1. For the chain, which whole percent of the accessible surface, found with a 1.4 angstrom probe, sits on carbon and sulfur atoms?
2. Out of the range 98-194, which trypsin sites (Lys or Arg not before Pro) are coil in DSSP terms and have no more than 11 other C-beta atoms within 10 Å?
3. For the range 89-94, just list the computed ³J(HN,Hα) in residue order, Karplus coefficients 6.51, -1.76 and 1.60, θ = phi - 60°, integers in Hz, with x standing in for Gly and Pro.
4. What accessible area per residue comes out for the range 97-218, rounded to a whole number of Å², with a 1.4 Å probe?
5. Across 10 Å bins from the origin, how do the percents of Cα pairs in the chain run, short distances first?
6. If you average the C-alpha positions of the range 76-148 and of the range 20-46 separately, how far apart do those two centres end up, in angstrom?
Amino acid sequence: MSGGDLEALALLHDPVRRSLYDVVAAHGGEVGRGEAAQAAGVSRTLAGHHLDKLVEAGLLESGFRRPEKKGPGSGRPAKVYRRASGERSVSLPPRDYVTLASVLAEVVDGLGAEERAEAAARAAGQRLAGERRGEPVERVLRERGYEPYEEGGRLRLRNCPFHVLAREQPLLVCSMNLALCQGVLEGLGDDPARAELDPRPGECCVVFRRPDPPVRRDERRPE
């Protein structure tokens, strides 16, 4: 943990800044000042002030969106915001679990123990589900930081909780993440086959198909 991390995260203690950050993060793309202000229920001027403070702290990134209309009278490019790609963490006293996890991932890869790692991840997913059988998987995923959202009849995950490791060992980490999610489904009494890989830049590699509709059985007896 650095002092900058602590100072940056302290900014989110302000309810307006936290609301604006959540609006931008949940959008998954670029958000204009007016759109963020309306969603957070504050004025555009106040939203712009707090959004720029979040950019200064490294929690958001800013840019400019070209107007759709071109030529005279098209107006100036609009300032937009998106969640920063970097990570912030706070641990007192400081801990470094990522380095050890990276070393362990290298060991698994070197030993060719991917299948054993996937089996362990699936069992870990079942433990995460715990005593929550029958609950929707969205609730468990949201609590684990995956940020699930609906798109095209599937459940996608905006955030990868293992982002740093996934960049170093993408094949291993994504396969273990899939196994973990399948284990969560199993623990909830759901179909593990609903979880599948569908990588998308900037998001988690796992998606969830919606449950198949129940099959209607004809209760009439043949004559």
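1. The nonpolar share, carbon plus sulfur, comes to 52 percent.
2. Qualifying residues, ordered by number: R133.
3. Per-residue couplings from phi come out as 9, 10, 9, 10, x, x Hz.
4. 60
5. P(r) for the chain, in whole percents per bin: 7, 24, 28, 23, 11, 4, 2, 0.
6. If you average the Cα positions of each part, the centres end up 27 Å apart.
The values are calculated or read from the model by the stated rules, or taken from the named source; none is laboratory data. Predicted model only: the values in this text are computed from it and were never measured. Reconstructed Cβ throughout: ideal geometry from the backbone, glycine too, with neighbour counts over all protein chains shown. All accessible areas refer to the heavy atoms of the entire protein, side chains included, with ligands and DNA or RNA removed. Shrake-Rupley method; radii C 1.70, N 1.55, O 1.52, S 1.80 Å.
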